[in-house]
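Enquirer: One structure, pasted below without further comment.
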Amino acid sequence: MFISVPATSANLGPGFDTLGVALDLRNEVSIKRSRFFSISIKGEGSKSFRLKGNNIFISIFNEHYRNLVDKKEKFRFTFYNKIPLSRGLGSSSAVIVSAIAAAYAMAGIPLSSQRLLSLALSYEPHPDNITPAVMGGFNAAVVENSRVYSIKKEMPQNLKAVIVIPNRPISTSHSRTKLPRKLSLSDAVFNISHSSLLTAAIFNEEWDLLRIASKDKLHQDIRMRAMPELFEVQKLALQNGALMSTLSGSGSTFFNMVYAEDAKPLAYKLQNRFSKFAIKILDFDNQGIIIEE
Ligand SMILES: Nc1ncnc2c1ncn2[C@@H]1O[C@H](COP(=O)(O)OP(=O)(O)OP(=O)(O)O)[C@@H](O)[C@H]1O
Ligand SMILES: N[C@@H](CCO)C(=O)O
């Protein structure tokens, strides 16, 4: 069986823990029944002993498979990872949703997207990465009583993501502990209004509103101060055609949305200025998770 799942960029500025979009950069896994357990990792994480020895895909897969099928079986897992770890591109979310989906597929038990998201919430309670990873496209998502309520917008072909991937990680779980527990009323209203306008502008394809709508007062500045060169990345991107330029999830990656014709010139300027960072031009993904028996 073969599963493929896209990277995701969450928050998109003011949409903390609710807005996210899928990118055409995928992790793939092949799973075969076998007489012996084996794991092989190619690409991102291939040199990590931790990923080999204590792989959360395997533990989540086993947890669900053993609940579904009452017999001991062994599998051969081959991972082809393109999503960098701890870079704010939804690597852990991709693992969570693909491991659960793989367990149900191997057990031959149907699993709806809705049910997959509900099961994934127990590993990652914010829906802004797992939802676009499953559904594809841009999604606004909220959680109520352990259920994800979301709406999806397919992203057009004439827009690209130019992502700047620093050579240093930021752990989501650690950076969340640094966020304020309380917000002033004016900052709360700022994020609610900007997140609402951002969502409406994307659904209405009014791309020139994104620059204003993507401002945030809740989490970005605190996180970017851990890697101040990110302020320079954002400034350069907005000066060179970015429709919006936001910290991807908890970072360290910076996400820039541009018209297709502006992607290469922006990537060239960013690579020249930040030679130690990786720059990728990606299409948006509108498919989400793909499961092939
Ligand atoms: N491709 C993967 N395969 C196996 N385990 C993974 C993979 N990606 C992440 N993990 C595990 O998930 C946990 C969180 O990883 P990571 O720091 O990448 O997640 P994050 O910071 O939540 O997400 P992001 O990748 O969006 O920054 C770590 O224990 C890591 O080992
Ligand atoms: N909303 C989450 C996204 C993590 O990718 C956070 O900012 O912590």
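Enquirer: Would you please name the residue that is farthest from ligand 2 (Cβ to nearest atom), looking only at residues in the stretch 29-56 that are touching a Lys or Arg at 6+ places or on another chain (Cβ under 8 Å) and charged (D, E, K, R)?
Expert: Arg35
Enquirer: Looking only at the stretch 57-97, count how many residues are within 19 Å of Gly43 (Cβ to Cβ), more than 16 Å from ligand 2 (Cβ to nearest atom) and among the polar types (S, T, N, Q).
Expert: Of the residues in that region, 2 qualify.
Enquirer: Looking at (1) within 16 Å of ligand 1 (Cβ to nearest atom); (2) under 23 Å from Gly251 (Cα atoms), which is the only condition Val142 fails?
Expert: Looking at each condition in turn, Val142 falls short on (1).
Enquirer: Among the residues of the stretch 50-104, how many are of a type in the set (D, E, K, R), under 26 Å from Gly136 (Cα atoms) and surrounded by fewer than 21 Cβ atoms within 10 Å (Cβ to Cβ)?
Expert: Summing the residues that are of a type in the set (D, E, K, R), under 26 Å from Gly136 (Cα atoms) and surrounded by fewer than 21 Cβ atoms within 10 Å (Cβ to Cβ) in the stretch 50-104 gives 2.
Enquirer: Please work out which residue is most open to solvent (accessible area, probe 1.4 Å), limiting yourself to the stretch 38-49 and to residues that are modelled with pLDDT of 95 or more and among the hydrophobic types (A, V, I, L, M, F, W, C).
Expert: Residue satisfying both the conditions and the ranking: Ile39.
Enquirer: Filter the stretch 15-37 down to residues that are touching a helix residue (DSSP H, G or I) at 6+ places or on another chain (Cβ under 6 Å) and open to solvent by 10 Å² or more (accessible area, probe 1.4 Å) and give me whichever is farthest from ligand 1 (Cβ to nearest atom).
Expert: Across the stretch 15-37, the extreme among qualifying residues is Thr18.
Enquirer: Looking at the stretch 249-292, which of the residues that are in contact with a helix residue (DSSP H, G or I) (Cβ under 9 Å, 6 or more places away or on another chain) and among the basic types (Lys, Arg) is farthest from Val21 (Cα to Cα)?
Expert: Across the stretch 249-292, the extreme among qualifying residues is Arg273.
Enquirer: Anything in the stretch 146-175 that is basic (Lys, Arg), open to solvent by less than 70 Å² (accessible area, probe 1.4 Å) and touching a residue at least 60 places away in the same chain (Cβ under 8 Å)? List them, or say none.
Expert: The one that is basic (Lys, Arg), open to solvent by less than 70 Å² (accessible area, probe 1.4 Å) and touching a residue at least 60 places away in the same chain (Cβ under 8 Å): Lys160.
The values are calculated or read from the model by the stated rules, or taken from the named source; none is laboratory data. It should be emphasised that the depicted structure is a prediction, and the values quoted were computed from it without experimental measurement. Cβ: placed from backbone, ideal geometry, glycine included. Neighbour counts: every protein chain shown. To get the accessible areas, we keep the full protein, side chains included, count just its heavy atoms, and leave off ligands, DNA and RNA. Shrake-Rupley method; radii C 1.70, N 1.55, O 1.52, S 1.80 Å.
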